[in-house]
1. Tell me yes or no: at least one residue of the stretch B:130-137 is closer than 30 Å to B:F105 by Cα and in contact (Cβ under 8 Å) with a residue 24 or more places away in the chain.
2. Restricting attention to the stretch A:29-46, which residues are over 16 Å from the mean Cα position of the chain (by Cα) and either surrounded by 19 or more Cβ atoms within 10 Å (Cβ to Cβ) or within 11 Å of chain B (Cβ to nearest Cβ) (or both)?
3. Has the stretch B:100-113 got at least one residue that is within 21 Å of B:G176 (Cα to Cα), within 11 Å of chain A (Cβ to nearest Cβ) and assigned to a loop (DSSP other than H, G, I, E, B)?
4. Name the single residue that is nearest to the other protein chains (Cβ to nearest Cβ) among those in the stretch A:48-71 being closer than 23 Å to B:K34 by Cβ and touching a Leu at 6+ places or on another chain (Cβ under 6 Å).
5. Does A:K49 satisfy the condition of being in a helix (DSSP H, G or I) and among the basic types (K, R)?
6. Being assigned to a helix (DSSP H, G or I) and either within 11 Å of chain B (Cβ to nearest Cβ) or buried (at least 20 other Cβ atoms within 10 Å of the Cβ) (or both) is the filter here, so list the residues in the stretch A:72-93 that pass it.
7. So which pairs qualify, if the first residue must be in the stretch A:143-160 and surrounded by 14 or more Cβ atoms within 10 Å (Cβ to Cβ), the second must be among the small types (G, A, S), the Cβ gap must be under 7 Å, and the two must be at least 6 apart or on different chains?
Number of protein chains: 2
Amino acid sequence: MSKGFTLWFTGLSGAGKSTLSLPVAEKLKSLGHKVEILDGDIVRTNLSKGLTFSKEDRDINIRRIGFVSNLLSRNGVVAISAAISPYREVRDEVRKMITNDGAGFVEVFVHCPLDVLAERDVKGLYKKAIAGEIKNFTGVSDPYEAPVNPEVVVDSSKEKVDESVDKIIARLKELGYLN
Amino acid sequence: MSKGFTLWFTGLSGAGKSTLSLPVAEKLKSLGHKVEILDGDIVRTNLSKGLTFSKEDRDINIRRIGFVSNLLSRNGVVAISAAISPYREVRDEVRKMITNDGAGFVEVFVHCPLDVLAERDVKGLYKKAIAGEIKNFTGVSDPYEAPVNPEVVVDSSKEKVDESVDKIIARLKELGYLN
């Protein structure tokens with residue numbers, strides 16, 4: 001059986017975390033891996049209903065995703081997290097927990113400049129956040145701490161989805177995680 | 001690879017759910033299964049901190065355990081839940097979700113008469129609950145709905161731990177879940 005690992009996407013809302021997670025998951029399944037995607041919305045519904053977007057509650061949310069990712073990864077499953085996860089310290093705490101339990105942790109920083117996101121604004125959230133109608137909005141009225149040494153960096157303002165997917169898969173191969 | 005399933009213990013506090021889950025997990029591991037125990041306390045710490053013991057919050061807690069058990073079971077892992085899970089409807093909802101996703105669900109009713117539990121009272125909780133010092137205490141001041149058709153019934157007031165473990169393992173074998 002293949003070694004389990006957690007593929008941890010982090011980045012601003014709309015940067016492309018979920019968009020990238022789907023084709024990456026398909027590619028990994030086609031290689032014979034077992035894969036589960038823990039999307040931000042899925043998790044908010046099933047594990048974290050009632051939590052706010054305060055720093056404390058965001059940290060709890062991320063720790064829960066980390067707890068579940070660890071349960072999956074240490075049993076040989078690829079857990080893909082696609083939540084914003086704005087705080088570096090909690091991401092590093094999750095990395096430590098998972099690698100201590102013998103699975104892998106691969107952090108993918110999905111970068112996209114704020115002005116590009118505000119212009120795309122697929123869900124209309126940036127407009128509202130900039131107008132002050134949504135509070136605690138990461139990147140606008142709430143901090144985002146970019147990773148210092150992520151295993152992969154992709155930039156959705158410059159790369160096509162396919163290019164970013166290929167980059168992630170190539171890096172996983174390089175790190176020895178692929179079947 | 002073996003088929004994943006969820007082994008769902010239900011019963012009053014102190015009846016023996018956690019006590020039985022440990023040797024059962026060891027036995028399953030010795031047969032080559034991957035096993036994760038989702039003990040009531042582990043889950044309260046890692047997934048459900050802040051939830052109360054109201055019916056609504058208990059249901060949320062059980063749904064979260066069910067969600068995680070499903071993620072594990074559908075990837076071939078044996079998920080063992082050892083939370084009180086007092087309400088029949090939510091247990092059945094979890095059963096449905098897990099079997100719909102193609103994994104197995106085996107409900108183990110850990111029975112023990114209330115007077116025996118109150119006499120044992122290992123953690124001193126029954127005394128406090130009967131005195132009214134703990135509210136919403138299942139079996140004393142909060143309901144417990146026993147399963148109607150559990151796959152296994154054990155009675156910790158009459159059976160030794162080994163006997164109950166053997167009974168559970170024999171039933172799993174009969175149901176075709178064992179390697």
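1. Yes, the stretch B:130-137 has at least one match.
2. A:H33, A:K34, A:T45, A:N46
3. Looking through the stretch B:100-113, none of the residues is within 21 Å of B:G176 (Cα to Cα), within 11 Å of chain A (Cβ to nearest Cβ) and assigned to a loop (DSSP other than H, G, I, E, B).
4. For the stretch A:48-71, the residue satisfying everything is A:R64.
5. Against the criterion (in a helix (DSSP H, G or I) and among the basic types (K, R)), A:K49 does not qualify.
6. A:L72, A:S73, A:V90, A:R91
7. Cβ pairs passing all conditions: A:V154/A:S164; A:S156/A:A15; A:S156/A:G16; A:S156/A:S164.
Just so you know, all these numbers are worked out from the coordinates, no wet-lab data involved. All values derive from a computational prediction rather than experimental measurement. Methodologically, a virtual Cβ is constructed for each residue, glycine included, from the backbone with ideal geometry; neighbour enumeration extends over all protein chains shown.
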